[in-house]
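Structure record follows, encoded as structure tokens.
Only the coordinates and a few stated rules stand behind these numbers; no lab work does. Please read these numbers as outputs of a predicted model, since none were measured by experiment. We place every Cβ from the backbone using ideal geometry, glycine too, and count neighbours over all the protein chains shown.
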Amino acid sequence: MARLTIEAKVREERGKNASRRLRAQGMIPGVVYGRSHPATALTVDPKLVEKVLTSETGRNTIFTLKLGSQSSDVLVREYQLEPVHGSLTHVDFQRISMDELREFEIPVEPIGTAAGVKAGGIVDLVLREILVECLPNDVPSAIEVPMESLEIGDMVRVAELNVDTSKVKILTEADQVVVTVIPPRVEEEVIVEAEEGQGEEPELIRKAKTEAAEEETEE
């Protein structure tokens, strides 16, 4: 798959008013930093950043950021969203080295339908991401967990995950539960029964009616 390249421009103006003008023009402010380079303010097309974030590898996507005559390998480190419409309003890029080990959070992806689910159980995904260390080119898009053989009460721990440990080192604790199949939830039915004989009113109901009748008599 070809490496994605995003072109950005150096941002000269700063402040809230300048940022509003940028967004009105269909651009957003951002910054790039890392690798012993000074932080540089920039402007970028939010549609290109969204393309990165919605790709298969999401925030773990490594791409080329072209800023003027310079190009860098970068990751999206942080981003901000407009609270009402969810549109991008700001983005931070971090320069990285392709031959340097880094930590990544990899999403967990359950595969298939558990046997316990067919019996009425419910899948409980306890860990949605696994922390790993690897080279940028070895980042897995997801860590798959086969579910078909799991019965109600079964679970999969981090130590049982199928990961190529020659390239990827798992940093999440080995004994942590990743996913489990729990029993179905049963709602208790509360049945009100008469104290004496079928059809007889419960004591509290009879007492309430008696008190109401006495009040009417007094009036």
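Once you sort the root eigenvalues of the Cα gyration tensor of segment 102-182 as a ≥ b ≥ c, which label holds: rounded (a/c under 1.5), prolate (a/b larger than b/c) or oblate (the other case)?
Here segment 102-182 falls in the prolate category.
If I take every Cα pair under 8 Å that is 6 or more residues apart in segment 1-88, average their sequence separation and divide by the length, what percent do I get for the relative contact order?
Result for segment 1-88 is 30 percent.
Just to check I understand the Karplus step: with θ = phi - 60° and J = 6.51 cos²θ - 1.76 cosθ + 1.60, what whole-Hz values come out for segment 15-20, glycine and proline as x?
x, 5, 5, 5, 5, 4
What shape does segment 5-95 have by the C-alpha gyration tensor, where a ≥ b ≥ c are the square roots of the eigenvalues, rounded means a/c under 1.5, and otherwise prolate means a/b greater than b/c and oblate the rest?
Note, shape of segment 5-95 comes out oblate.
Given the peptides 88-95, 19-26, arrange them by the average over their residues of other C-beta atoms within 10 Å, most packed first.
Sorting 88-95, 19-26 by mean packing, highest first, produces 88-95, 19-26.
Pick out, from Pro136, Val126, Gly153, the residue whose Cα sits farthest towards the positive end of the charge dipole of segment 111-158, with +1 on the Cβ of Lys and Arg and -1 on the Cβ of Asp and Glu.
So the residue furthest toward the plus end is Gly153.
Would you mind calculating the gained length between Lys118 and Leu53 on full extension (0.36 nm times residue separation, minus the Cα-Cα distance), in nm to one decimal?
20.0 nm
With a/c under 1.5 counting as rounded, go ahead and sort segment 68-140 into rounded, prolate or oblate using the C-alpha gyration tensor (a ≥ b ≥ c being the square roots of the eigenvalues; past the cut-off, prolate if a/b is larger than b/c, else oblate).
It comes out oblate by the Cα gyration axes.
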